[in-house]
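Heads up: the structure comes next, in structure tokens.
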Amino acid sequence: AQILGMRFARIQLNTHGYKHECREAPFVDLVRRLQIRNIKVIFQDDGKNDETIKIPGQYGHFNCEALIDGSHGAGVRPYTWQAPRFGLPTGYAGGLTPDNLKDELSKIEKAVGTRWIWIDTETGIRTNEEFDVDKVRKFAQVASEFVA
């Protein structure tokens, strides 16, 4: 997709824990057009819009991934991490910080086994609402211990 001349490699659909209506035909057409352009679509796996997440797979679209974030973007860690549910490449988010990442990745690893995953953080690498490069470095260092 291009907006104001910028090219994007992914589009993330954040539903923030609310059920959204999805008209299947236009949605499938959109995902198909994005797939042709090699643009990934990331769905928030929030337990509210499962039917929407299943649609692309029914049509053979494989440029889709799921993001499990039980806090719906609020940056809060879950009590337990769920296993991937849709056969899609899956990412995990929700309260991940440089200080808790090692423990949380160990917990996520128990839920996913040997599957390939990715992680996402935003609030966990900020200080006073500002992007903190030192926290990013520490986050990356901790994460690197889990990279095969």
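The values are calculated or read from the model by the stated rules, or taken from the named source; none is laboratory data. A quick note: this is a predicted structure, and the numbers were derived from the prediction, not measured. Please note: Cβ atoms are built from the backbone with ideal geometry, for glycine as well, and neighbour counts cover all protein chains shown. Calculation scope for accessible area: heavy atoms of the full protein, side chains included, ligands and nucleic acids excluded. Shrake-Rupley method; radii C 1.70, N 1.55, O 1.52, S 1.80 Å.
Here are the numbers for the structure shown:
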| read-out | value |
| --- | --- |
| Debye log10 I(q)/I(0) for the stretch 80-143, one point scatterer per Cα, at q = 0.14, 0.25, 0.29 Å⁻¹ | -0.42, -1.06, -1.28 |
| For Q12, distant residues with modelled amide H under 5 Å away | I42 |
| Helix-derived mean residue ellipticity, 222 nm - over the chain, DSSP H n ≥ 4, -39500 (n - 2.57), to 500 | -9500 deg cm²/dmol |
| Carbon/sulfur fraction of accessible area - the stretch 13-148, other protein chains in place, 1.4 Å, % | 50 percent |
| For the stretch 57-127: accessible area per residue (Å², 1.4 Å) | 54 Å² |
| For the stretch 40-115, fraction of C-alpha pairs farther apart than 13 Å, in % | 66 percent |
| Lys, Arg +1 and Asp, Glu -1 on Cβ, resulting dipole of the chain about Cα centre, debye, nearest 20 | 460 debye |
| Span per principal axis, largest first, for the Cα atoms of the chain (Å) | 44, 37, 31 |
